[in-house]
Structure formats: C-alpha cells, structure tokens
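Student: Got a structure for you, questions after.
The values are calculated or read from the model by the stated rules, or taken from the named source; none is laboratory data. As the structure is a computational prediction, the values presented were derived from the model and not from experiment. All Cβ positions, glycine included, derive from the backbone under ideal geometry; neighbour counts span all protein chains shown.
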Amino acid sequence: MRKTMRPALVAGLTAASALALVLGTPAVSAAAVPAPLAASASSVLGSGGDLASPEKKEIAMELVSSAENSSLDWKKQYSYIEDIGDGRGYTAGIIGFCSGTGDMLELVQAYTNSVPDNPLAKFLPALEKVNGSASHEGLGSAFESAWKEAAATKEFQAAQDSERDRVYFDPAVNQGKSDGLGALGQFIYYDAIVMHGPGTSTDSFGGIRDAALAKAKPPAQGGDETAYLKAFLDARKVVMKKEEAHADTSRVDTEQLVFLNDGNLDLHTPLKWKVYGDPYEIN
C-alpha cells in the first residue's frame, strides 16, 4: 500500500507546463530541477558512482518501492491505482502518477501518442478536467479497470518507465552528478523529487536543495559530500514534517541516513534498512 506522495507540482498546470515556466524551455523538452541538468558520469567530483547504471538503477527502484509500496518488487506496481486520500486524486503506477498533479495526464497523453488505440485514451478529457484537483469526475471504477488493463501491456509499462525517467529519475541523477555527488547522493535527490516533485517552491525538490546549499557546499563547489547530504536531508525533513502525509521521516532516518552514516556514498550492496518500521535488505 502506498503511504506517501509528493505535493502537487504546480496547481492548475501539468507537470511539463510548470517545468517550462521554471526552466524557460518547451514543456516537452525537460523535467524540472535546477540547472544544469545535463551531466555525464565523468562530472562526478565526489565519491563517484552512477545511479543510472543498470545495477544501481535497480537498487534505486527497489529502495523507493520499499517506501512507496512496502515492497521491493517495484515491477508489480504498474497496475497499482487508488485514491490514498491526500487530495491529489488517483495515485497510480510505478512512481505514483497522480490525476491531480498533471503527471498522470502527461503519461496517458504520451502513451496515447504511441498507442492510439488503448484502454485509457477515452479518459483524456476527464483527466484534463480533474487536473489540479482531487476529483474523480469522469473517471471512477471504469478508469481503474482501464488502468489495470493497460498495465498488463508492455507498451504501457514502457510508457511509465519513460515518464518516470524523463520527469524524475534523469533530472535528479543529472543534478546530482553536476553537484559532484556519488550514487547515494543521486539517489537521495531522486527519492526527494519523487515525494516532493520538481520545481523551485520551498516545498519542492528545488526548494529543498536551495535550503541545503544555504547550509553547506556540495563537492562540485569544494564542499564535503557527507556534510552537504546531511544538510539536504535535514532540509527535506523540515518540509516533510509540514505535511501530515509525510510526517513519518523513516525513509530518511532509518534508510538514507543509515547509508550515509555508514559512509556508503557509492550505494554498494549489501544494504539493510527500515521504512515505517519494516525491515528490508538487498544483497
């Protein structure tokens, strides 16, 4: 069962439209984290490591799934859909796309562009109408069934993977590399953008990063990686505690801080952690 989800990206706008306002680029071209977004593995100045490598990316997916779905089997979440009562309408899929925050709408639009004849296409007008609200108008049980039907296809699974990477994973990893962070730091960024959304408001990923930068410098600016990541996690916890749905900070305290305090900046296995009191491990 999904236990937390990020705030709305920007009220009344789709995720990509909001990003276009933040970055001054076309909505289709980028996700929103503070520039620079383009970085290569060679730009990592701190401990090193690339979360985008297949092995590390799989670890990242499992870590997030432990917090979002109480399971390491993230691939079972393609068909997940429910309203968790957080004011963001439906939460669904591998990363918790929300009908009220724009990213679900963008996902279904992208899926329909590649597969016009699909079970979800007919719900696009309703998704446009409910965007920015908690409403289920025009959706309901028929939409839930259509989501699960689509999720059984490799095409919709690929669409979810693509939107996850475009809006959340790739921008977080690239920003982490630009800041000189290793695989753990890149993951810390990714987990934050999943929960809090991209953008520059104080309760978004960009705002949390700004708060951390006010306290410590990342390796790319000559700072200590561990000290900077602790500042980032401290800033994130402040934001989490402001919202009831995020008040449990165990995904930071008994997961990410455990790895950080162990000096595991490259996110090497084996990994052992707890979220909401439940133990997990990756060997």
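Student: Quick check on Lys274: is it assigned to a loop (DSSP other than H, G, I, E, B) and either surrounded by fewer than 17 Cβ atoms within 10 Å (Cβ to Cβ) or free of Cβ contacts under 8 Å to residues at least 12 places away in the same chain (or both)?
Tutor: no
Student: Based on what the data block shows, is Tyr90 closer than 17 Å to Thr153 by Cβ, out of contact with any Gly (no Cβ under 6 Å at 6 or more places or on another chain), of a type outside the set (S, T, N, Q) and at pLDDT 95 or above?
Tutor: So Tyr90 does not fit the description; no.
Student: Within segment 133-153, which residues are under 25 Å from Asp191 (Cβ atoms) and surrounded by fewer than 23 Cβ atoms within 10 Å (Cβ to Cβ)?
Tutor: Those that are under 25 Å from Asp191 (Cβ atoms) and surrounded by fewer than 23 Cβ atoms within 10 Å (Cβ to Cβ): Ala134, Ala151.
Student: Please give the number of the condition Met240 fails out of (1) of a type in the set (A, V, I, L, M, F, W, C); (2) under 22 Å from Asn174 (Cβ atoms); (3) touching a Ser or Thr at 6+ places or on another chain (Cβ under 7 Å).
Tutor: Exception for Met240: condition (2).
Student: Here are the criteria: (1) aliphatic (A, V, I, L, M); (2) part of a helix (DSSP H, G or I); (3) over 15 Å from the mean Cα position of the chain (by Cα). Tell me which single one Ile188 does not satisfy.
Tutor: That leaves (3) as the condition not met.
Student: Separate question: State which residue is surrounded by the most Cβ atoms within 10 Å (Cβ to Cβ) when the search covers only segment 181-200 and only residues that are modelled with pLDDT under 95 and out of contact with any His (no Cβ under 9 Å at 6 or more places or on another chain).
Tutor: In this case the residue turns out to be Pro198.
Student: Which residue out of Leu257, Leu229, Leu265 is part of a loop (DSSP other than H, G, I, E, B) and buried (at least 18 other Cβ atoms within 10 Å of the Cβ)?
Tutor: Just a single option satisfies the conditions, and that option is Leu265.
Student: Being in contact (Cβ under 8 Å) with a residue 60 or more places away in the chain and either surrounded by fewer than 20 Cβ atoms within 10 Å (Cβ to Cβ) or touching a helix residue (DSSP H, G or I) at 6+ places or on another chain (Cβ under 9 Å) (or both) is the filter here, so list the residues in segment 88-103 that pass it.
Tutor: Within segment 88-103, Thr91, Gly93, Ile94, Ile95, Gly96, Phe97, Cys98, Gly100, Thr101, Gly102, Asp103 meet the criteria.
Student: While we're here: For residues that are over 15 Å from Glu144 (Cβ atoms), part of a loop (DSSP other than H, G, I, E, B) and at pLDDT 95 or above, tally how many sit in segment 72-87.
Tutor: Count: 2.
Student: Here's a follow-up. Would segment 201-223 turn up any residue that is in a loop (DSSP other than H, G, I, E, B), buried (at least 23 other Cβ atoms within 10 Å of the Cβ), modelled with pLDDT under 95 and on the phi < 0 side of the Ramachandran plot?
Tutor: There is no residue in segment 201-223 that is in a loop (DSSP other than H, G, I, E, B), buried (at least 23 other Cβ atoms within 10 Å of the Cβ), modelled with pLDDT under 95 and on the phi < 0 side of the Ramachandran plot.
Student: Moving on. For the condition assigned to a helix (DSSP H, G or I) and surrounded by fewer than 21 Cβ atoms within 10 Å (Cβ to Cβ), what is the one hit in Lys242, Lys237?
Tutor: Every option except Lys237 fails the conditions.
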